[in-house]
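The values are calculated or read from the model by the stated rules, or taken from the named source; none is laboratory data. The structure displayed is predicted, hence computed values, not measured ones. Reconstructed Cβ throughout: ideal geometry from the backbone, glycine too, with neighbour counts over all protein chains shown.
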Amino acid sequence: MAKMNLRPLDDRIVVEPVEAEETTAGGIVLPDSAREKPQRGTVVAVGPGKMLDSGNRGELSVTVGDVVIYGKYGGSNIEVDGREMKILRESDILAKVL
Amino acid sequence: MAKMNLRPLDDRIVVEPVEAEETTAGGIVLPDSAREKPQRGTVVAVGPGKMLDSGNRGELSVTVGDVVIYGKYGGSNIEVDGREMKILRESDILAKVL
Amino acid sequence: MAKMNLRPLDDRIVVEPVEAEETTAGGIVLPDSAREKPQRGTVVAVGPGKMLDSGNRGELSVTVGDVVIYGKYGGSNIEVDGREMKILRESDILAKVL
Amino acid sequence: MAKMNLRPLDDRIVVEPVEAEETTAGGIVLPDSAREKPQRGTVVAVGPGKMLDSGNRGELSVTVGDVVIYGKYGGSNIEVDGREMKILRESDILAKVL
Amino acid sequence: MAKMNLRPLDDRIVVEPVEAEETTAGGIVLPDSAREKPQRGTVVAVGPGKMLDSGNRGELSVTVGDVVIYGKYGGSNIEVDGREMKILRESDILAKVL
Amino acid sequence: MAKMNLRPLDDRIVVEPVEAEETTAGGIVLPDSAREKPQRGTVVAVGPGKMLDSGNRGELSVTVGDVVIYGKYGGSNIEVDGREMKILRESDILAKVL
Amino acid sequence: MAKMNLRPLDDRIVVEPVEAEETTAGGIVLPDSAREKPQRGTVVAVGPGKMLDSGNRGELSVTVGDVVIYGKYGGSNIEVDGREMKILRESDILAKVL
């Protein structure tokens, strides 16, 4: 995976979606018809964490390379180097696949 | 129950729904027609707890193996190893069955 | 009243509704046509109290056995041992009948 | 006024409405057509006050016997000993009549 | 102006509207067609101030006798001694006329 | 500019709009068709600042005489000495023109 | 780039959009049909940062000259020296392009 030239702000995370075909690989499939189903992707860039009231930033629970499950309708779609990506907030991430 | 390869974030909980047929087993049935009725399931994975303002995480009230009652419309449906599951927040859990 | 095998989370409370016929017993009736009228019931299970910012739990104002007035549309209906019950939050309870 | 066998929770207050005919007695009438006009009533029971973050309860500004002005659509209607009453939160009370 | 027998709660304020005819007196008129225009009135009673988290009450910025500009749709209309009045919260007051 | 006899409360600000014709003067025009476009005006009166939790008031970032850009639909229109003005909160001010 | 005579308030940021044609330059394109797609632009002015509860201002994560990705529907459009610009809050900025 090439180094990303995009730096998310705050607790935002850039995720590259995993194609539906590959999803069964780790034993996890994302069904429930098409509506509102969560999706799976690989984290390609993370922000510095959310600014807390104390002035410090909260540590993110995911890092580059993690495979994550996220809500389909969260975040914004962007295209980086010809690949479709998603910019999400950490709270849009439901779970990590171990 | 096989070990789950899914790690929920924050105070999220993965629940495997109990089939409606089995529900009478513990003496608890979930009626009230089909609309908005709570459902019963078994906890199969829990997150680290919600990040508090202090920087610590709040301890969850449920653990893996607990049978819980939860609102039907909370959370997201996912499929893990061919089984239908639900990712919920702890606040979507109404009660534990003892 | 048999011991309840249901443990509500946080500040949730399980109430068994009192039939409309019995309601006049304590001198309190709940009229105002059918719409949005509060209802009366007996508390059969209580949670540990709401988690406060301090990490402690707030003490509940009602205990098992209390007769309470609550808003009709709060909470969720469940059936326990063949009896219709309601899971409410403490804030859905309007008053105790002394 | 007979002693009330109803104990409101938190900052709730039970008010017995004053009939529209009597309203001019204290020099205060509540007009503005029928829509959304405030109403006048007598406080017949008060709760222990709202639970504060400190764990203490906030003192209520009204006591049993006070005549108060309150918004018509706040609170819930109940019937106690054959009399129509209203359960309100303190914030639904606009003013006391001195 | 006769002494008012109405005591507003918290940060509420009783205002007697100034008739539209008089509004030009201080050089201030309230136009913008009829819709949503602010109005001018005289403060006739004030509450003790809003309860703060500290348990103290916040001091009000207006006192009895002040002429104020307020949003037309804020507050509730009441009639006191045959005069039309308004009960507002301090946050509904836009400005004082000096 | 004559001294204003209007004292806004809290963080409110009275702005006199600059006519659309003059807007090009400072090199700044406000286009984007007619809908929701920000507008430019001169600050003619400011409040004491917003009451903070500490009991102090937050210092305003604008002073009388500043030229500011503000959202068209924020605030209330009033007429002072025959001139159309706007009462806004500081948060409705987008930028100062230097 | 000429010096900007516009000073945003709080955590607001003035961005000059990059034309769609140029977007592929840094390897980043913004697709996803026309609806709700994020856009790319150059920061031309920044505010002093958001006022924190402590009375200090939070440091902004972007500075003049940064190329940023932002949500299309955030902020307000203004025209400065004949150029179309956008006034956004920092939270409307999704990422910086490195």
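Tabulated results
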item	result
Lone unmet requirement of (1) surrounded by 20 or more Cβ atoms within 10 Å (Cβ to Cβ); (2) within 8 Å of another protein chain (Cβ to nearest Cβ); (3) over 21 Å from A:Asn5 (Cβ atoms) for G:Lys86	(2)
Residue count, the range C:61-96 (criterion: over 12 Å from the mean Cα position of the chain (by Cα) and either of a type in the set (A, V, I, L, M) or at positive phi (or both))	4
Test: residue in the range C:60-74 that is over 30 Å from B:Gly55 (Cα atoms), out of contact with any helix residue (DSSP H, G or I) (no Cβ under 6 Å at 6 or more places or on another chain), facing chain B (nearest Cβ under 9 Å) and buried (at least 21 other Cβ atoms within 10 Å of the Cβ)	no
Matching option when the condition is on the phi < 0 side of the Ramachandran plot and modelled with pLDDT of 90 or more, among B:Leu30, B:Leu9, B:Leu52	B:Leu9
The range F:76-91: number of residues that are in contact (Cβ under 8 Å) with a residue 40 or more places away in the chain and either of a type outside the set (A, V, I, L, M, F, W, C) or assigned to a loop (DSSP other than H, G, I, E, B) (or both)	7
Candidates G:Lys3, G:Lys37 - the one that is modelled with pLDDT under 85, farther than 26 Å from A:Glu16 by Cβ, outside any strand (DSSP E or B) and charged (D, E, K, R)	G:Lys3
Residues of the range F:71-98 satisfying the condition of being modelled with pLDDT under 90, of a type in the set (A, V, I, L, M, F, W, C) and under 28 Å from G:Val44 (Cα atoms)	F:Leu98
The one condition in (1) modelled with pLDDT of 95 or more; (2) within 18 Å of C:Val80 (Cβ to Cβ) that B:Gly47 fails to fulfil	(2)
Residues being over 12 Å from B:Pro8 (Cβ atoms) and not basic (Lys, Arg) - total across the range B:75-91	6
Residue count for the range B:12-27, restricted to those that are modelled with pLDDT under 50 and more than 21 Å from C:Ile78 (Cα to Cα)	0
Test: residue in the range B:56-67 that is charged (D, E, K, R) and in a loop (DSSP other than H, G, I, E, B)	yes
Selection status of B:Thr42, assigned to a loop (DSSP other than H, G, I, E, B), at pLDDT 95 or above and within 19 Å of C:Pro8 (Cβ to Cβ)	no
Any pair with Cβ under 6 angstrom, 6 or more apart, that starts in the range F:50-74 at a residue that is touching a residue at least 40 places away in the same chain (Cβ under 8 Å) and within 15 Å of F:Pro8 (Cβ to Cβ) and ends at one that is among the charged types (D, E, K, R) and surrounded by 14 or more Cβ atoms within 10 Å (Cβ to Cβ)	F:Lys50/F:Asp10; F:Lys50/F:Asp11; F:Met51/F:Arg57; F:Gly58/F:Lys50; F:Leu60/F:Glu90; F:Val68/F:Lys96; F:Tyr70/F:Asp92
